[in-house]
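Beneath this line is the structure, given in structure tokens, with notes to follow.
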Amino acid sequence: MASSDGVKIRDIVSKSRSNFSVGITMSRAWKAKQIAKALIEDGVKKGFTTSCRTFIGVDGCHLKTKFGGTLLIIIGRDPNDQYYPIAFGGLIPVFEELFERVEHILYLRHLYVNFKKKFSGGTQIKDLMMAATKATYIQSWDAKMKELKKLNVKAWEWLSGIPTKA
């Protein structure tokens, strides 16, 4: 039962007759199969709920200091009941200082939204920007960036100003 949901009712009836010398009806076999499935699924559900972390906090606030800005953060709890940041936005320099040993990455969707606001140049610029950001080798990144520079120098300058890994 646990390994295959495709167990046929007729197989249950014939195996109960041959293995246990008990004759059961098709409806009884169907009911037994339903009970067995419920027991199996209940164990999976209980295992998931006991081991999963039920706390993920999402918060955002507008900062009313002289620096201003908006802080968005998602936090979770690890198995040692310690809080840790899952994702954050705004105040990037502050987080880089506080979490200096954590790898910082940019989300491509947000990067593209900012890119699109500044350079609404159609699909060709968008495709080059996407190809450059998804490049896995420095040579392919350089080639796409050169194409972008030929098409739009300001877009190339903006994208070149974003820190990359070498």
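The values are calculated or read from the model by the stated rules, or taken from the named source; none is laboratory data. As the structure is a computational prediction, the values presented were derived from the model and not from experiment. Note that we place each Cβ from the backbone using ideal geometry, even for glycine, and neighbour counts take in every protein chain shown.
Summary table
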read-out: The range 137-149: number of residues that are out of contact with any helix residue (DSSP H, G or I) (no Cβ under 8 Å at 6 or more places or on another chain) and either under 11 Å from residue 125 (Cβ atoms) or not in a helix (DSSP H, G or I) (or both); value: 1
read-out: Counted residues, the range 11-27 - those being of a type outside the set (D, E, K, R), surrounded by 10 or more Cβ atoms within 10 Å (Cβ to Cβ) and in a helix (DSSP H, G or I); value: 5
read-out: Conditions (1) modelled with pLDDT under 75; (2) under 30 Å from residue 9 (Cβ atoms); (3) of a type in the set (Ser, Thr, Tyr): number failed by residue 21; value: (1)
read-out: Tally of residues being surrounded by 11 or more Cβ atoms within 10 Å (Cβ to Cβ) and outside any helix (DSSP H, G or I) across the range 150-164; value: 3
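Yes or no, residue by residue, for (1) at pLDDT 75 or above; (2) within 22 Å of the chain's Cα centre (by Cα); (3) at positive phi:
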{"residue": "86", "(1), (2), (3)": "no, yes, no"}
{"residue": "89", "(1), (2), (3)": "no, yes, no"}
{"residue": "98", "(1), (2), (3)": "no, no, no"}
{"residue": "113", "(1), (2), (3)": "yes, yes, no"}
{"residue": "118", "(1), (2), (3)": "yes, no, no"}
{"residue": "121", "(1), (2), (3)": "no, no, no"}
{"residue": "126", "(1), (2), (3)": "yes, no, no"}
{"residue": "151", "(1), (2), (3)": "yes, no, no"}
